[in-house]
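Take a look at the structure below.
The values are calculated or read from the model by the stated rules, or taken from the named source; none is laboratory data. All values reported here derive from a predicted model rather than from experimental measurement. Every residue, glycine among them, receives a Cβ derived from its backbone with ideal geometry; neighbour counts consider all protein chains shown. Just the protein is used for accessible areas: all its heavy atoms, side chains included, with ligands, DNA and RNA removed. Shrake-Rupley method; radii C 1.70, N 1.55, O 1.52, S 1.80 Å.
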Amino acid sequence: MIRKFTFGNPFPTEAVVETYPAENVTLPYFSIENGSFSCTLEPNAPVYGLGEQVRGINKRGWIYVSNCTDEPHHEETRRSLYGAHNFLIVGGETPFGIFLDYPGHLTFDIGYTDSNVLTITPEDWNLDVYLIESPDGLCSSIVHLFRRMIGRSYIPPRWAFGYGQSRWGYMDEKDIRQVARGYLENGIPLDAIYLDIDYMERYKDFTVSDERFPDLPGLVSDMKKEGIHLVPIIDAGVKIEKGYSVYEEGVKNNYFCKEADGTDFVGAVWPGRAHFPDVLNPEVRRWFGRKYKYLLDMGIEGFWNDMNEPALFYSEKRLKKVFEELEKFKGQNLDLEKNNAFLGLVNTLANNPEDYRSFYHEPGNGREKVRHDKVHNLYGYNMTRAAEEAFEELEPDKRILLFSRSSYVGMHRYGGIWQGDNTSWWSHLELNIKMMPSLNMCGFLYTGADLGGFNADTTEDLLLRWLQFGIFTPLMRNHSAMGTREQEAYRFSNREALKRTIQLRYCLLPYLYSEYMKAALKDTMMFRPLAFDYPKDAEAAQVEDQLMLGDSLMLAPVYRQNALGRYVYLPEDMLLITSSGPEDFRCRKMKAGHHYVKAAAEEVIFFLRKGQLLPLAAPAANVAETDTSHLTVIAYPGEDCSYTLYEDDGISRNYGSPDNYETITVNRVGIASCYGHRNRTVCAIKIKD
């Protein structure tokens with residue numbers, strides 16, 4: 001059951017696609033006092049949700065803030081990251097879900113001030129609150145109701161499930177060809193190379209540097225012949241420059257965000273002084289979205305949107321103010337206090353809350369203009385929406401890859417997200433693991449972290465262990481920052497182990513794609529905490545470093561430096577699968593309970609549930625070359641077991657055809673069969689008792 005409660009005059013975010021009349025009764029479970037919603041938490045009851053956030057799967061014990069923030073330091077002390085995902089499941093005897101459709105600054109004190117109290121505080125009282133209760137009391141059912149309420153998750157092209165290589169610092173065509181050659185010559189699969197800001201002409205959106213990329217369409221064509229897609233970045237800020245058509249059109253048509261006096265707001269990002277398209281306005285969205293056609297016409301089939309919180313290096317007016325204040329320090333002895341004051345002034349330039357309160361949107365459709373901070377969390381959502389709505393018009397029969405850094409619930413219908421500018425730390429590998437189910441709860445299925453870490457220098461063992469988890473995440477991208485160690489897989493001494501790990505991704509593709517599509521089309525989760533599948537198991541509820549993946553698998557990644565194994569809790573009898581590459585799948589039946597499982601540096605470990613099976617393809621150079629007409633399955637039958645395989649053309653938007661589904665069965669003696677419209681052969685790996 002879903003119930004809606006309206007307070008004040010909420011801004012229409014369009015996060016919710018279903019219609020619910022507002023109820024004129026008291027909001028259950030909560031009291032309202034001192035500008036906050038408060039709810040008593042049962043002792044030790046978990047609280048799940050909030051999508052992209054720091055800390056664990058269970059959010060209890062910290063203060064979190066929904067405020068899309070350009071935040072590269074993903075430390076436990078932080079309270080905001082790039083997304084604002086205001087959905088929680090409050091556990092206990094009668095779990096319930098709550099979604100606060102509120103695009104401004106929103107604080108969740110989840111047992112921090114008082115360990116047994118949840119307090120939610122909006123900056124003002126213009127919001128819709130949705131309360132979600134399930135008759136069966138299961139967290140997974142609450143998520144299903146919420147996901148149905150907010151609409152179907154974005155579905156990328158099938159090639160986007162391949163391995164991608166990215167780096168800020170691929171400066172020209174020569175660099176791109178060198179990276180492609182490095183992967184091809186070493187036989188390491190690759191489906192995408194990402195273009196960061198250096199491909200542009202002086203960091204201007206929808207331009208290409210003639211000097212660095214003199215023939216981008218030709219490069220795109222050459223890469224496609226090798227099965228590699230080029231995926232360029234698009235930023236939120238539009239450079240202020242006479243003669244630059246995007247800038248000129250935006251100024252002429254009043255398409256940019258405004259100051260209070262009606263002049264165009266001036267902030268700064270990579271190109272320096274810039275304007276920001278008012279993407280909350282449908283007319284501006286259509287204008288900005290159609291600009292992607294410039295690159296589509298060059299053969300580009302995927303994009304990543306960045307800096308769209310929106311990030312601000314500074315605003316023009318703040319920069320002027322800081323320079324004036326700094327003048328006072330000339331000739332002075334900068335002792336401790338003065339030095340801190342000096343540095344403090346400079347540090348007020350970037351992403352200053354006062355700047356976000358100084359410019360406005362004109363949403364159109366008869367709505368009054370609104371100050372940016374009141375709707376701040378909608379910017380990245382609507383920038384990505386602008387692109388996907390344009391793709392639906394420009395390429396109606398073709399899926400285009402699209403993901404974003406900033407997001408709000410609702411954007412999940414238009415694109416995926418990557419988990420931002422992380423660091424080459426083992427703790428960020430762990431954070432990647434724990435974010436996956438929280439993001440799935442909020443509808444974000446196409447997601448993953450920068451494998452190996454973006455900031456700082458990675459190590460070979462960290463990259464290897466991160467890839468061993470990354471082979472399971474829908475977005476599998478290795479990305480690093482300029483000035484850090486180059487971390488392409490072929491650059492390391494143990495490149496063979498890295499190669500074999502990446503090859504495993506392509507073996508797993510039939511299963512991963514099937515589970516993604518079923519989760520998207522049925523409004524379910526691909527990644528789940530153990531507690532969701534084993535709600536009566538108290539020990540499962542304590543496990544946060546193992547995840548259920550789809551119908552068949554449980555993941556138990558190794559995420560500690562120098563570890564050659566890990567402790568694992570099995571809620572039921574399972575089949576341990578250990579692999580060091582596509583020709584090596586070792587299986588061992590294990591009883592429910594606690595175990596220490598060995599995993600050498602080159603070994604991936606994961607588990608198959610009893611009564612389930614795992615379809616595998618042969619390794620391939622890229623997704624297009626993956627042969628799914630001949631599958632091998634690993635089965636752990638109790639009696640007979642079966643699996644529903646999903647396969648479509650991977651390109652068109654015809655997702656719902658019943659012809660896309662097939663059933664694979666394996667009987668107790670290990671004979672495999674496939675039932676469907678395709679002529680597919682399947683053989684089963686025999687499991688010894």
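Express the relative contact order of the chain as a whole percentage, based on alpha carbon pairs under 8 Å and six or more residues apart in sequence. Working shown, then result.
Numbers: 1599 pairs, mean separation 89.6, N = 689.
That works out to 13 percent.
So what is the orientation-averaged projected area of the stretch 9-138, using the convex hull of its C-alpha atoms, in nm²?
Working: hull surface 34.2 nm².
Computed as one quarter of the Cα hull surface, the answer is 8.5 nm².
Among Ser438, Ser245, what's the order by accessible area (1.4 angstrom probe), most exposed first? Walk me through the intermediate numbers first.
Numbers: Ser438 0, Ser245 65 Å².
My answer, sorted largest first, is Ser245, Ser438.
By accessible area of protein heavy atoms, probe 1.4 Å, what ranking do Glu259, Glu392, Glu75, Glu185 get, highest first? If you can, show how the numbers build up before the last one.
Numbers: Glu259 40, Glu392 90, Glu75 70, Glu185 140 Å².
Ranked from most to least accessible, the order is Glu185, Glu392, Glu75, Glu259.
Would you compute, for the Cα atoms of the chain, the largest minus smallest coordinate along each principal axis and list the three values in descending order, in whole Å?
Largest first, the chain extends 80, 64, 55 Å along its Cα principal axes.
Ordering Glu368, Glu625, Glu226 by accessible area with a probe of 1.4 Å, largest first, what comes out? Before the final figure, lay out the partial values.
Details: Glu368 155, Glu625 120, Glu226 90 Å².
Result, largest first: Glu368, Glu625, Glu226.
Taking trypsin sites (Lys or Arg not before Pro) as candidate sites, keep only those in a DSSP loop with at most 10 other Cβ atoms within 10 Å, then name the longest stretch of the chain containing none of them. Display every interim value, and only then the final one.
Numbers: sites that count: Lys242, Lys330, Lys536, Lys591, Lys686, Lys688.
It runs 1-241.
Once both labels are modelled 7 Å past Cα along the beta-carbon direction, what's the Val669-Leu138 spacing in nm?
The answer from the label model is 3.5 nm.
For Leu81, enumerate residues with amide H under 5 Å from its amide H, sequence gap 5+ or separate chain, H modeled in the peptide plane.
Asn67, Thr69
Kindly provide the helix-only [θ] at 222 nm of the chain, computed as the sum of -39,500 (n - 2.57) over DSSP H runs of four or more divided by all residues, to the nearest 500 deg cm²/dmol? Numbers along the way, then the final one.
Values: 14 runs with 158 residues, N = 689.
Value at 222 nm, helices only, nearest 500: -7000 deg cm²/dmol.
P(r) for the stretch 274-343: what percent of alpha-carbon pairs falls in each 5 Å bin, starting at zero?
All Cα pairs, binned at 5 Å, distribute as 3, 11, 14, 14, 12, 10, 7, 7, 8, 7, 5, 1 percent.
Indicate the helices, whole DSSP H runs only, in the chain that combine a mean Kyte-Doolittle hydropathy of -1.0 or more with a Cα extent along their long axis of 30 angstrom or more.
Details: long enough: 495-522 (39 Å, -0.25).
Those that pass (Cα extent of 30 Å or more, hydropathy at least -1.0) are 495-522.
In square angstrom, what is the accessible area per residue of the chain with a 1.4 angstrom probe?
Working: 25810 Å² over 689 residues.
Roughly 37 Å² per residue, with all protein chains present.
Would you work out what percent of the accessible area of the chain, with all protein chains in place, is carbon or sulfur (probe 1.4 Å)? Present the calculation step by step, with values, prior to reporting the outcome.
Working: 12320 of 25810 Å².
The computed percentage sits at 48.
Go through the stretch 205-211 residue by residue and turn each phi into a ³J(HN,Hα) via Karplus (6.51, -1.76, 1.60, θ = phi - 60°); whole Hz please, and just put x for glycine and proline.
Couplings: 4, 6, 9, 10, 5, 5, 6 Hz.
Count the DSSP beta bridges whose two residues both fall in the chain, then state the antiparallel fraction as a percent rounded to the nearest 5.
On the way: 91 of 124 bridges.
In the chain, DSSP labels about 75 percent of beta bridges as antiparallel.
Extending each Cα 7 Å along its Cβ direction at Glu354 and Cys683, get the distance between those two points in nm, one decimal.
7.2
May I ask for the equivalent-ellipsoid semi-axes of the stretch 492-540, computed as the square root of five times each C-alpha gyration tensor eigenvalue and listed largest first in whole Å? Walk me through the intermediate numbers first.
Details: eigenvalues 183, 67, 9 Å².
Calculated on Cα positions only, the semi-axes equal 30, 18, 7 Å.
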